[in-house]
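Take a look at the structure below.
The values are calculated or read from the model by the stated rules, or taken from the named source; none is laboratory data. Predicted, not measured: the structure shown is a model, and the values here were computed from it. No Cβ is skipped: glycine too gets one built from the backbone with ideal geometry, and neighbour counts run over all protein chains shown. Note: areas computed on protein heavy atoms with side chains; ligands, DNA, RNA excluded. Shrake-Rupley method; radii C 1.70, N 1.55, O 1.52, S 1.80 Å.
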Amino acid sequence: VQLQASGGGLVQAGGSLRLSCAVSGSDFEVNTMGWYRQAPGKERGLVATITPSGSIINYGDSVKGRFTISRDNAKNTVYLQMTSLKSEDTAIYYCNVWVKFRNYWGQGTLVTVSS
């Protein structure tokens, strides 16, 4: 199973970015998909997760109301729409998926928010 994340970059505070993560190489249904992030000197933490039907979505406290996670099961892709970005959102963003009870991480995409 391979995860390919894209969409990171440099954005000014208050701006928006959309991350994508495409999953390939799986013969089984992709279960929960999500995004985590790690800022310099900090531990990796939850941004958002979404179940296959989209019925259960969890957000980290710091992104609630600003970020929206979604998925396209036909494309095995998860998205993260980020709005009202703040300098403290600067981090490497990692996508994460569960497939057949195994957990996989993407390579990470850097988001830099300038103030």
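Within region 60-91, how many residues turn out to be under 14 Å from the mean Cα position of the chain (by Cα) and in a loop (DSSP other than H, G, I, E, B)?
Going through region 60-91 one residue at a time, the tally reaches 6.
Of all the residues that make up region 11-27, how many are open to solvent by 20 Å² or more (accessible area, probe 1.4 Å), in a strand (DSSP E or B) and farther than 20 Å from Ser62 by Cβ?
Matching residues across region 11-27 total 3.
Determine, yes or no, whether Ile56 is open to solvent by 70 Å² or more (accessible area, probe 1.4 Å) and either in contact with a strand residue (DSSP E or B) (Cβ under 8 Å, 6 or more places away or on another chain) or at positive phi (or both).
So Ile56 passes the test.
For region 92-103, give me the residue count where each residue is within 26 Å of Glu29 (Cα to Cα) and within 13 Å of the chain's Cα centre (by Cα). Show your work before the answer.
Let us first name the residues in region 92-103 that are within 26 Å of Glu29 (Cα to Cα), namely 93-103.
With within 13 Å of the chain's Cα centre (by Cα) added as a condition, the list becomes 93-97.
Residues flagged as within 26 Å of Glu29 (Cα to Cα) and within 13 Å of the chain's Cα centre (by Cα) within region 92-103 amount to 5.
Please work out if Ala74 is open to solvent by 20 Å² or more (accessible area, probe 1.4 Å), out of contact with any strand residue (DSSP E or B) (no Cβ under 8 Å at 6 or more places or on another chain) and of a type in the set (A, V, I, L, M, F, W, C).
yes
Before we move on, is Trp98 at pLDDT 95 or above, aromatic (Phe, Trp, Tyr) and open to solvent by less than 20 Å² (accessible area, probe 1.4 Å)? Walk me through how you get there before you give the answer.
Working: at pLDDT 95 or above: yes; aromatic (Phe, Trp, Tyr): yes; open to solvent by less than 20 Å² (accessible area, probe 1.4 Å): no.
Spelling it out, it is not the case that Trp98 is at pLDDT 95 or above, aromatic (Phe, Trp, Tyr) and open to solvent by less than 20 Å² (accessible area, probe 1.4 Å).
Restricting attention to region 28-59, and to residues there that are of a type in the set (Gly, Ala, Ser) and in a strand (DSSP E or B), which single residue is farthest from the chain's Cα centre (by Cα)?
Step by step, filter region 28-59, then rank; the result is Gly45.
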